[in-house]
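The values are calculated or read from the model by the stated rules, or taken from the named source; none is laboratory data. A quick note: this is a predicted structure, and the numbers were derived from the prediction, not measured. All Cβ positions, glycine included, derive from the backbone under ideal geometry; neighbour counts span all protein chains shown.
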Amino acid sequence: MKKVIAALAVGAAVALAFGGAEAKEWKKVRIGTEGAYAPWNITDASGKLAGFEIDLGNDLCKRMKVECEFVAQDWDGIIPALQQGKYDAIMSAMTITDERRKILDFTVPYGNDPSSFITDKKSPLASMPKTDILDIATPPGQKAIEDLTKALAGKTVGVQTSTTQLAFLEKHLPKLSVRTYDKIDNAGIDLAAGRVDAVIGDRSVLEPIIKDDKGGNIVMFGPNLVRGVLGEGMGLGLRKQDADLKAMFDKAIAEATKDGTVSKLSKQHFGYDISIKQ
């Protein structure tokens, strides 16, 4: 999830309190995840955590020869809980950004997913052509933002709170009317009810909203955007003092990417490949 944490300052203060910890022998690694961001991470009907990141995390732990335990954590508190020692790593579709690097270390990215838009098929927005993935720092990316500014003028866009998509709207479409939600599914509900005109989010979490719309009224439109304030891909977030754990995860991610495991799991859960191309 391309998310920006509102409690960065709190996390930074706690990080200082944890500074200077010595390296440890890792036999068990606890991983925090939201469990409410399908298909990255979900809580199934039995209450068990599942999804792409759960499967990949378990694979990485096997490669690292450690016991793996996933811990469910609401998104807004996910960084403070890491710093307070509730778990050892965050694996929750967290995008690597410069802002987060101020208080966290990140592994190498294990996947990337563009930010996309959905709307009602009867909306004029639905006629806006879908594009291939565009870097927002490039001329085509800047042109796409200009087109979005014009198309979304006077409309309201739903977005999950504390996300890089919200940061994108605030930076690049500052005059836009925005409505924030605690969960992306709630934004989808309001879109179906006509309370917002469009929703922005990770492509992978918008596609289930489209599929779950029994009336077939929700469609994707416009550009698929990456980079800049939208981040550099998804990585595990770690406490800065745990450099040894970062090295273990980096090695495991590189192996899982090289042997095709990340690609296989992403196709299984997303229907397309989100692995980082070497």
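Quick one: in segment 93-105, which of the residues that are within 26 Å of residue 271 (Cα to Cα) and not β-branched (Val, Ile, Thr) is surrounded by the fewest Cβ atoms within 10 Å (Cβ to Cβ)?
93
Restricting attention to segment 58-101, which residues are in a loop (DSSP other than H, G, I, E, B), of a type outside the set (Val, Ile, Thr) and out of contact with any Leu (no Cβ under 7 Å at 6 or more places or on another chain)? Before the answer, list the steps.
Step one: filter segment 58-101 for residues in a loop (DSSP other than H, G, I, E, B), giving 65-66, 73-74, 84-88, 91-94, 96-97.
Pick out the ones that are also of a type outside the set (Val, Ile, Thr) and you get 65, 73-74, 84-88, 91-94.
Correct list: 65, 73, 74, 84, 85, 86, 87, 92, 93, 94.
Would you confirm, using the coordinates I've provided, whether residue 168 is in the same structural domain as residue 107 (by TED's automatic domain parsing), within 23 Å of residue 103 (Cβ to Cβ), buried (at least 19 other Cβ atoms within 10 Å of the Cβ) and in contact with a helix residue (DSSP H, G or I) (Cβ under 8 Å, 6 or more places away or on another chain)? Don't jump to the end; show me each part of the working.
Numbers: in the same structural domain as residue 107 (by TED's automatic domain parsing): no; within 23 Å of residue 103 (Cβ to Cβ): yes; buried (at least 19 other Cβ atoms within 10 Å of the Cβ): yes; in contact with a helix residue (DSSP H, G or I) (Cβ under 8 Å, 6 or more places away or on another chain): yes.
So residue 168 does not fit the description; no.
Any chance you could count how many residues in segment 25-57 are under 20 Å from residue 275 (Cα atoms) and in a loop (DSSP other than H, G, I, E, B)?
In the first step, residues of segment 25-57 are kept if they are under 20 Å from residue 275 (Cα atoms); the result is 33, 37-42, 50-57.
Filter again for in a loop (DSSP other than H, G, I, E, B), leaving 38-40, 51.
Counting residues in segment 25-57 that are under 20 Å from residue 275 (Cα atoms) and in a loop (DSSP other than H, G, I, E, B) gives 4.
How many residues, within segment 118-159, are touching an Asp or Glu at 6+ places or on another chain (Cβ under 6 Å) and assigned to a strand (DSSP E or B)?
Residues in segment 118-159 being touching an Asp or Glu at 6+ places or on another chain (Cβ under 6 Å) and assigned to a strand (DSSP E or B): 2 in total.
Out of the residues in segment 56-82 meeting the condition of being among the acidic types (Asp, Glu) and either surrounded by 15 or more Cβ atoms within 10 Å (Cβ to Cβ) or over 17 Å from the mean Cα position of the chain (by Cα) (or both), tell me which one is modelled with the lowest pLDDT.
Step one: filter segment 56-82 for residues among the acidic types (Asp, Glu), giving 59, 67, 69, 74, 76.
Still in the running and either surrounded by 15 or more Cβ atoms within 10 Å (Cβ to Cβ) or over 17 Å from the mean Cα position of the chain (by Cα) (or both): 59, 67, 69, 76.
Details: 59: 98, 67: 98, 69: 98, 76: 88.
Restricting to residues being among the acidic types (Asp, Glu) and either surrounded by 15 or more Cβ atoms within 10 Å (Cβ to Cβ) or over 17 Å from the mean Cα position of the chain (by Cα) (or both), the top hit is 76.
Quick check on segment 210-227. Is at least one of its residues closer than 23 Å to residue 55 by Cβ and either of a type in the set (Lys, Arg) or surrounded by 20 or more Cβ atoms within 10 Å (Cβ to Cβ) (or both)?
Looking for residues that are closer than 23 Å to residue 55 by Cβ and either of a type in the set (Lys, Arg) or surrounded by 20 or more Cβ atoms within 10 Å (Cβ to Cβ) (or both), one finds at least one in segment 210-227, hence yes.
So, in segment 149-165, of the ones that are out of contact with any strand residue (DSSP E or B) (no Cβ under 6 Å at 6 or more places or on another chain), under 21 Å from residue 206 (Cα atoms) and aliphatic (A, V, I, L, M), which residue ends up surrounded by the most Cβ atoms within 10 Å (Cβ to Cβ)? It would help to see each step written out before you state the result.
The initial filter retains those residues of segment 149-165 that are out of contact with any strand residue (DSSP E or B) (no Cβ under 6 Å at 6 or more places or on another chain), namely 149-155.
This time we only want the ones that are under 21 Å from residue 206 (Cα atoms), so: 149, 151-152, 155.
Checking the rest, the ones that are also aliphatic (A, V, I, L, M) come to 151-152.
Details: 151: 20, 152: 23.
Within segment 149-165, the match that is surrounded by the most Cβ atoms within 10 Å (Cβ to Cβ) is 152.
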